[in-house]
Amino acid sequence: MKKTLLLSGIAIIVLLALTSYEALMVAPTEQTMGDVQRIFYYHVPSGWVAGLCFLINFLASAYYLWKKTPGSDALAAASAEVGVVFCSVLLITGPLWARPVWGIWWTWDARLTTTLVLWLIYVSYLMLRRLSAGGQPQVLAAALAIFGFADVPIVYFSIRWFRTQHPSPVMGGGENSGLAAPMLHVFLFNLAAFTVMGMLYMWLRYKLQVAEQQLESAHAQAALTGGNA
């Protein structure tokens, strides 16, 4: 396990270095926004990974409600934690990008507001898991996760359904949404790298969650055995 953690840590560090090099050195400077546009190469991939993690959380939670398997509960917990981390990066980098471009740190734009609601839902999910004990909170958390995932497509389609200040989607979102080839190459590289990092984080957190479950089960068994002695 220690070797796996070390190799995963090295891989994550290498990927972070490569994504930073691509965003800061390889990508050309955007003519209108200048260097602040480079936040885009962190902002959008973070949002993608957050959405992917919440999708995995939704599927794992639904499976847990169906089969009540510890593994699906562990995967749900791990994916939610990693999703919240990347969603936090999304919410931090957004205002950093918006301040020079829009002149304000935050506006109650449809995309921004629904993303904040999404973050609050999954923070509540994690709090429900941490502040309660026993088997019932896992069921309640799974139900909340299924409910909360409904906000993911709302976040994605908000800039199509409502008039917003948020830019159009990078691809497939309109006449002004395309990227020049050099920018697109950097974006796709960072998107892939962030996805790999997110899955590595989630796998490591899943292994830790399984270990926690096994330890709690061993403690419960020891207490039961001691009580029957």
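The values are calculated or read from the model by the stated rules, or taken from the named source; none is laboratory data. From a predicted model like this one, the values you see are computed outputs, not experimental measurements. Cβ coordinates were reconstructed from backbone atoms using ideal geometry, including for glycine residues, and neighbour counts include every protein chain displayed.
Kindly provide the set of residues from the stretch 102-126 that are part of a loop (DSSP other than H, G, I, E, B) and either in contact with a Leu (Cβ under 8 Å, 6 or more places away or on another chain) or basic (Lys, Arg) (or both), ordered by number. Scanning the stretch 102-126 gives a single hit, Trp106. Would you confirm, using the coordinates I've provided, whether Leu6 is surrounded by fewer than 11 Cβ atoms within 10 Å (Cβ to Cβ) and either modelled with pLDDT of 90 or more or farther than 24 Å from Gly94 by Cβ (or both)? Answer is yes for this residue.
The residue list Arg99, Arg38, Arg129 contains one member that is within 25 Å of Pro153 (Cβ to Cβ), assigned to a helix (DSSP H, G or I) and not small (Gly, Ala, Ser), which is Arg129.
For (1) touching a Gly at 6+ places or on another chain (Cβ under 7 Å); (2) more than 30 Å from Ala218 (Cα to Cα); (3) of a type outside the set (A, V, I, L, M), each residue gets a yes or a no:
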{"position": "Ala17", "(1), (2), (3)": "no, yes, no"}
{"position": "Pro45", "(1), (2), (3)": "no, yes, yes"}
{"position": "Tyr64", "(1), (2), (3)": "no, no, yes"}
{"position": "Cys87", "(1), (2), (3)": "no, yes, yes"}
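Residues of the stretch 61-90 that are in contact with a helix residue (DSSP H, G or I) (Cβ under 6 Å, 6 or more places away or on another chain) and without any contact (Cβ under 8 Å) to a residue 60 or more places away in the chain: Tyr63, Ser72, Gly83, Val84, Cys87, Val89, Leu90. Identify all residues within the stretch 176-229 that are modelled with pLDDT under 75, closer than 21 Å to Met25 by Cα and assigned to a helix (DSSP H, G or I); write none if there are none. Residues satisfying the conditions do not exist here. Could you please let me know if Val44 is at pLDDT 95 or above and either more than 23 Å from Leu184 (Cα to Cα) or in a helix (DSSP H, G or I) (or both)? Criteria not met by Val44. Screening Ala23 with (1) surrounded by 14 or more Cβ atoms within 10 Å (Cβ to Cβ); (2) of a type outside the set (Phe, Trp, Tyr); (3) over 24 Å from Ala181 (Cα atoms); (4) at pLDDT below 95 gives one miss only, at (3). Considering the stretch 51-80, and only residues there that are more than 23 Å from Ile39 (Cα to Cα) and under 11 Å from the mean Cα position of the chain (by Cα), the residue that is surrounded by the fewest Cβ atoms within 10 Å (Cβ to Cβ) turns out to be Leu55.
Checking the stretch 128-135 against the condition returns a match, with at least one residue being in contact with a Pro (Cβ under 7 Å, 6 or more places away or on another chain) and either polar (S, T, N, Q) or at pLDDT 90 or above (or both).
Residues that are assigned to a helix (DSSP H, G or I) and over 17 Å from Leu126 (Cβ atoms) within the stretch 56-82 comprise Leu59, Ala62, Tyr63, Leu65, Trp66, Lys67, Pro70, Gly71, listed in sequence order. The residue that is modelled with the highest pLDDT, among those in the stretch 102-127 that are among the hydroxyl-bearing types (Ser, Thr, Tyr) and more than 30 Å from Gln209 (Cα to Cα), is Thr113. Residues in the stretch 86-121 that are of a type in the set (Ser, Thr, Tyr) and touching an Asp or Glu at 6+ places or on another chain (Cβ under 9 Å) were compared, and the one that is surrounded by the most Cβ atoms within 10 Å (Cβ to Cβ) is Thr115.
Scanning the stretch 5-31 for residues that are touching a residue at least 12 places away in the same chain (Cβ under 8 Å), in a helix (DSSP H, G or I) and farther than 16 Å from Tyr42 by Cβ gives Leu5, Ser8, Ala11.
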